[in-house]
Amino acid sequence: MENMEEMMKAAQEAAQKIQQQMNDAQVKLDQIEVEGSAGGGLVTVRASARGRILGVSIDDSLFKEDEKAILEDLVTAAFNDARDKADRKAGEHMAEMQQGLGLPPGFNLPGMG
């Protein structure tokens, strides 16, 4: 019976270690920055790899009343570009982390999506 208790304790410690590594990975993802752009760079959006928007930059040449709809579309496109890049970075980072843990490719840990 003692051997079973040791195995349970080791499994619990391993689970706690993986959970801490997952938490550390989430913090790191929030520190990775990507930039999306639209309109040849007239509108840019900065975001973290977790998808948190850090900032929006709009070129002064776009501030004309009759181009409001275009500006709104460009902001939307820039946001989506940044989000796509953030998703790719997050996927790359998590794949590296899982590989480092010895997990098979595509293995989904709880809380990882």
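Quick notes
- Nearest-ten-degree value, helix 68-100 long axis tilted from longest Cα axis of the chain: 20
- Think of a 1.4 Å ball rolled over the protein heavy atoms: segment 30-103 then has 62 Å² of accessible area per residue.
- Peptides 90-97, 5-12, 77-84, ordered by how many other C-beta atoms sit within 10 Å of their residues on average, highest first, read 77-84, 90-97, 5-12.
- Relative contact order, whole percent, for segment 1-107 stands at 25, derived from Cα pairs under 8 Å and 6 or more residues apart.
- Here the extension length gained between R83 and D60 equals 5.9 nm, from 0.36 nm per residue of separation less the Cα-Cα distance.
- The angle separating the long axis of helix 2-31 from the principal Cα axis of greatest extent in the chain is about 10 degrees.
- The apolar share of the surface of segment 1-85, taken as the fraction of accessible area on carbon and sulfur atoms (1.4 Å probe, ligands and nucleic acids excluded), comes to 51 percent.
- Computed helical MRE - 222 nm, the chain, DSSP H runs ≥ 4 contributing -39500 (n - 2.57), nearest 500: -20000 deg cm²/dmol
The values are calculated or read from the model by the stated rules, or taken from the named source; none is laboratory data. All figures in this text were calculated on a predicted structure; none of them were measured in a lab. Every residue, glycine among them, receives a Cβ derived from its backbone with ideal geometry; neighbour counts consider all protein chains shown. For the accessible areas, the whole protein counts, side chains as well, though only heavy atoms, and no ligand, DNA or RNA atoms are used. Shrake-Rupley method; radii C 1.70, N 1.55, O 1.52, S 1.80 Å.
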